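Q: Please see the structure below; I have some questions.
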Amino acid sequence: QVQLVESGGGLVQAGGSLRLSCTVSGSFFSINRMVWYRQTPGKQRELVAAITSGARTNYADSVKGRFTISRVNAKNTVYLQMNSLRPEDTAVYYCNVPYRSVDYWGRGTQVTVSS
């Protein structure tokens, strides 16, 4: 069993910053890929950023240059530093870990960016 807990969401003005965290706990050997997704009402969940255990990253075009994903393997924690936030970044952000053919998800954390 793998559990994910996100934190760090909140309300921020446009142009501001937030840092999301996701800590993985439970029974697992090692985790390769850690991913942040986001979802707004009526839309599909979209990938925001991903990072491998070797620190290879990829980002959605909409967040490149503004968001940075990082991880501390010893803490089983992944971070999402979000700068220059825009109202269109408003969403529920979810942490995702694919592990042994199962997708594990956190409960999500709300990020609201006011204009």
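The values are calculated or read from the model by the stated rules, or taken from the named source; none is laboratory data. Quick caveat: nothing in here was measured; it's all calculated off a predicted structure. Cβ placement follows ideal geometry from the backbone for every residue including glycine, while neighbour counts extend to all protein chains displayed. Keep in mind that these areas ignore ligands, DNA and RNA; they rest on the heavy atoms of the full protein, side chains included. Shrake-Rupley method; radii C 1.70, N 1.55, O 1.52, S 1.80 Å.
Q: Among the residues of the stretch 75-111, count how many are open to solvent by 10 Å² or more (accessible area, probe 1.4 Å), touching an Asp or Glu at 6+ places or on another chain (Cβ under 9 Å) and either free of Cβ contacts under 8 Å to residues at least 40 places away in the same chain or part of a strand (DSSP E or B) (or both).
A: Residues in the stretch 75-111 being open to solvent by 10 Å² or more (accessible area, probe 1.4 Å), touching an Asp or Glu at 6+ places or on another chain (Cβ under 9 Å) and either free of Cβ contacts under 8 Å to residues at least 40 places away in the same chain or part of a strand (DSSP E or B) (or both): 2 in total.
Q: Sticking with this structure for a sec: Give Leu20, Leu4 a once-over and let me know the one that is in contact with a Cys (Cβ under 6 Å, 6 or more places away or on another chain) and of a type outside the set (Ser, Thr, Tyr). I'd like the intermediate steps shown before the answer.
A: Details: Leu20 fails: in contact with a Cys (Cβ under 6 Å, 6 or more places away or on another chain).
One residue alone meets the criteria, Leu4.
Q: For Ser114, are the conditions met, namely being at pLDDT 95 or above, exposed (fewer than 14 other Cβ atoms within 10 Å of the Cβ) and touching a Pro at 6+ places or on another chain (Cβ under 8 Å)? Walk me through how you get there before you give the answer.
A: On the way: at pLDDT 95 or above: yes; exposed (fewer than 14 other Cβ atoms within 10 Å of the Cβ): yes; touching a Pro at 6+ places or on another chain (Cβ under 8 Å): yes.
It is true that Ser114 is at pLDDT 95 or above, exposed (fewer than 14 other Cβ atoms within 10 Å of the Cβ) and touching a Pro at 6+ places or on another chain (Cβ under 8 Å).
Q: I've got another one for you. Only one of these is at pLDDT 95 or above, of a type outside the set (A, V, I, L, M) and over 22 Å from Gly65 (Cα atoms): Thr23, Thr40. Name it.
A: Just a single option satisfies the conditions, and that option is Thr23.
Q: So which residues in the stretch 4-33 are more than 14 Å from Arg107 (Cβ to Cβ) and either in contact with a Lys or Arg (Cβ under 7 Å, 6 or more places away or on another chain) or open to solvent by less than 70 Å² (accessible area, probe 1.4 Å) (or both), if there are any at all?
A: Scanning the stretch 4-33 gives Gly10, Val12, Ala14, Gly15, Gly16, Ser17, Leu18, Gly26, Phe28, Ser30, Ile31.
Q: Continuing with the same structure: Can you go through Val12, Val63 and tell me which one is free of Cβ contacts under 8 Å to residues at least 60 places away in the same chain and in contact with a strand residue (DSSP E or B) (Cβ under 9 Å, 6 or more places away or on another chain)?
A: Numbers: Val12 fails: free of Cβ contacts under 8 Å to residues at least 60 places away in the same chain.
Answer to the selection: Val63.
Q: Residues of the stretch 34-52 being open to solvent by 40 Å² or more (accessible area, probe 1.4 Å), touching a Lys or Arg at 6+ places or on another chain (Cβ under 9 Å) and among the basic types (Lys, Arg), which ones?
A: Scanning the stretch 34-52 gives a single hit, Arg45.
Q: Scanning the stretch 11-57 for residues that are outside any loop (DSSP other than H, G, I, E, B) and charged (D, E, K, R), which turns out nearest to Val72 (Cα to Cα)?
A: Arg19
Q: Here's something else I'd like to know. Restricting the search to the stretch 63-74, which residues are assigned to a loop (DSSP other than H, G, I, E, B) and either in contact with a Ser or Thr (Cβ under 6 Å, 6 or more places away or on another chain) or crowded, with 16+ Cβ neighbours inside 10 Å (or both)?
A: Here is the first cut: in the stretch 63-74, the ones assigned to a loop (DSSP other than H, G, I, E, B) are 63-66.
Once the filter is applied, which keeps residues that are assigned to a loop (DSSP other than H, G, I, E, B) and either in contact with a Ser or Thr (Cβ under 6 Å, 6 or more places away or on another chain) or crowded, with 16+ Cβ neighbours inside 10 Å (or both), the stretch 63-74 yields Val63, Arg66.
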